[in-house]
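Report on the following structure.
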Amino acid sequence: MASAGHYVGLDVGGTTMKAAVVNDEGLPLSTPVVMATEPERGQDAGLETMCETIRRAVAAAKLTMTEITAIGVATPGLMDIKAGLILDPPNLKPWKNVPVRDHIQKAFGLPTVYQNDANAATYGEYWVGAGREARSMVMFTLGTGVGGGIILDDFIVEGEHSHGGELGHMRIESPAHGRLCGCGSRGCLEAYGSASSVVRRTREELATYRGPSKLKEYYTANDDVLTAKVIFQLASEGDALAMEIVDDTAYYLALGACALIATVDPEMIVFGGGMAVAESFRAKIHEYTTRFGLPHPVKKVKIAFAKLGSDAGFIGTGGAARLALRQGKV
């Protein structure tokens, strides 16, 4: 009988990095360890912080490094997954061409897997979260931007150039007339469906909106400060303008979902992030997806919200290490 596996999942972000040890069932063996990333200190300091976060996570699980089976590390930004390099990450400047995988592997002498952070979070939801009963799953993560991932029969779609699953940069509007995206192009889903876009579109509407609106009252009373959370809350309370913004957002995200249904025909589509909380929002996405998607698959695809929250990153990263080991990739 094979011994139980213990997998460290390290999820590196621009502000903090989070790690914990998970077992073969995806259960964290402790609360996650969180350390400041401090990218401005340089990549050598960043690599050492990664190692220290891993050490502390193993200690928090009351294990030793000799009891760890493999390590998974996930980061944001441009990367070469095959080479284990983070290339030129916008949220981790001035890091450049950082040998994340090889450094961690050498430091601990353990099989180490490197993964895109959105892919890792998607795998976490697929493994032990919203998609645990599914064989294939697409996830959209809705935050400052729109990220995502694609899992097909326990296979993480990385793409030939490490950019598979960049769902936020599907074109849903003409590049000649669409909204400007943070990537520099126009018409991307991220420019319409992200939390940042929700706020931006709302500000534009408020500039000309003349009807009664709690949203407008809030905006004026709070010195023009606005968040997607407030907009969604006021929509749930019946504010007409907020409801229109939320409805439009569901429409745009449904267009993205329809494109993925036509491309990979997944069993489940999951939405995660701060906006993915209201059942009415999920229902709207489902309504538009059913209206505009391919008739046969849209009747069967399940649309759900993520369940793991911010833990999906480190759980999925540990799971990716387990998966790579089981598939003989490390």
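Any read-out appearing in this document is the output of simple, stated calculations on the displayed coordinates, not a laboratory observation. Predicted model only: the values in this text are computed from it and were never measured. So basically every Cβ, Gly included, is an ideal-geometry build from the backbone, and we count neighbours across all protein chains shown.
Scaled to the globular estimate 2.2 N^0.38 Å, the Cα spread of the chain, given as radius of gyration, is 1.03.
For a straight C-alpha distance cut-off of 14 angstrom, the aspartates and glutamates reachable from residue 307 (same-chain residues fewer than eight places away being disregarded) are 125, 133, 279. Segment residue 173..residue 326, full-extension length gain: 51.0 nm, with 0.36 nm per residue of separation and the alpha-carbon distance subtracted.
Dividing the summed -39500 (n - 2.57) terms of all DSSP H runs of n ≥ 4 by the residue count of the chain sets its mean residue ellipticity at 222 nm at -12000 deg cm²/dmol. Put a dot 7 Å past each Cα toward the Cβ at residue 225 and residue 91; how far apart are the dots in nm? Roughly 2.2 nm, to one decimal. FRET efficiency for the pair residue 210 and residue 51, taken as 1/(1 + (r/R0)^6) with r the Cβ-Cβ distance and R0 = 56 Å, rounds to 0.45. Spacing of the modelled spin labels on residue 41 and residue 65, each 7 Å from Cα toward Cβ, amounts to 1.9 nm. For the range 148-176, backbone nitrogen atoms closer than 19 Å to the point 7 Å from residue 200 Cα along Cα-to-C-beta are found at 148, 166-176. Near residue 226, no amide H atom lies under 5 Å from its own; only residues 5 or more places off or on other chains count, and H is placed 1.01 Å from N. Relative contact order of the chain, taken over Cα pairs closer than 8 Å and 6 or more residues apart, is 21 percent. Distances between placed amide hydrogens fall under 5 Å for residue 37 paired with 16, 17, all partners being 5 or more residues away or on another chain. Here's how it looks for residue 136: its modeled amide H is under 5 Å from those of 153, 267, 268, which are all 5 or more places away or on a different chain. Straight Cα distances below 19 angstrom link residue 216 to the aspartates and glutamates 204, 205, 224, 237, 239, 244, 247, 248, with same-chain residues fewer than 8 positions distant left out.
Note that the range 11-27 has calculated 3J(HN,Hα) couplings of 10, 9, x, x, 9, 9, 10, 10, 9, 7, 9, 10, 9, 5, 9, x, 8 Hz, one per residue in order, obtained from phi through the Karplus relation 6.51 cos²θ - 1.76 cosθ + 1.60 (θ = phi - 60°); glycine and proline are x.
Only Lys, Arg, Asp and Glu carry charge here, each on its Cβ (+1 for the first two, -1 for the last two); on that basis the chain has a dipole of about 200 debye about its Cα centre.
As a test, work out the antiparallel percent of DSSP beta bridges whose residues both lie in the chain, rounded to the nearest 5.
Antiparallel bridges make up about 55 percent of those DSSP assigns within the chain.
The relative contact order of the range 130-307 comes to 24 percent, based on Cα pairs under 8 Å that sit 6 or more residues apart.
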